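Undergrad: I have a structure I would like to understand better, so I am pasting it below and will then ask my questions one at a time.
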Amino acid sequence: MGRLRQAIRVKNGCDDTTLQQLLDQLDGASRPHERLYRLLRSRRTQGRRRYRERGVTITFVQHGEKVKLLVPARNLSAGGIAFLCPIPVPPGITCQVALVAGDDRRCAVSGLTRHCRRVKSGWYQLGVAFDQQVDPDVFTGSDGSPSG
């Protein structure tokens, strides 16, 4: 966790336009694989919804040490969230995610990191599986579009 804390200090922020472009690229890259995603849905029980909230607070907890990050979210389902992170975080790390609702309410949900993949130099996409389900409509709106 010390390496995580050190890496966070070194990374610079990213402007909104660059983040939006990266998130759009990730969504666009997912579209050609929609048929494959439909086949895999038997494994994935909840559909993902677009959730573009720049200020989601993630608190990673390992060996009693806590590290807090403000990250841009990509998508959300009842069972988890995908977001961008400036450093890699291995699977199996306990975390708290502060989801932001449309009216700026925050809802803390605990979870476990499930996957991490490099998407661009200096950026990783992390997936977190929640310990309990959430209602995506509260955070994305009832007309929130599915995301890739």
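We did not get these values from a lab; they are worked out from the coordinates using the rules stated. These numbers come from a predicted model, not from an experiment. Here Cβ is always computed from backbone atoms with ideal geometry, including for glycine, and neighbour counts include all displayed protein chains.
Undergrad: Of all residues in segment 89-137, which are assigned to a helix (DSSP H, G or I) and either surrounded by 15 or more Cβ atoms within 10 Å (Cβ to Cβ) or touching a Lys or Arg at 6+ places or on another chain (Cβ under 8 Å) (or both)? Outline the logic, then answer.
TA: Filtering segment 89-137 for residues assigned to a helix (DSSP H, G or I) gives 136-137.
Matches in segment 89-137: 136 only.
Undergrad: Something else: Looking only at segment 72-88, how many residues end up being of a type in the set (A, V, I, L, M, F, W, C), touching a residue at least 40 places away in the same chain (Cβ under 8 Å) and not in a loop (DSSP other than H, G, I, E, B)?
TA: Taking segment 72-88 first, the residues of a type in the set (A, V, I, L, M, F, W, C) are 73, 76, 78, 81-85, 87.
Next, only the ones that are touching a residue at least 40 places away in the same chain (Cβ under 8 Å) stay: 76, 78, 81-85, 87.
Add one more test, that the residue is not in a loop (DSSP other than H, G, I, E, B), and what stays is 76, 81-85.
Of the residues in segment 72-88, 6 are of a type in the set (A, V, I, L, M, F, W, C), touching a residue at least 40 places away in the same chain (Cβ under 8 Å) and not in a loop (DSSP other than H, G, I, E, B).
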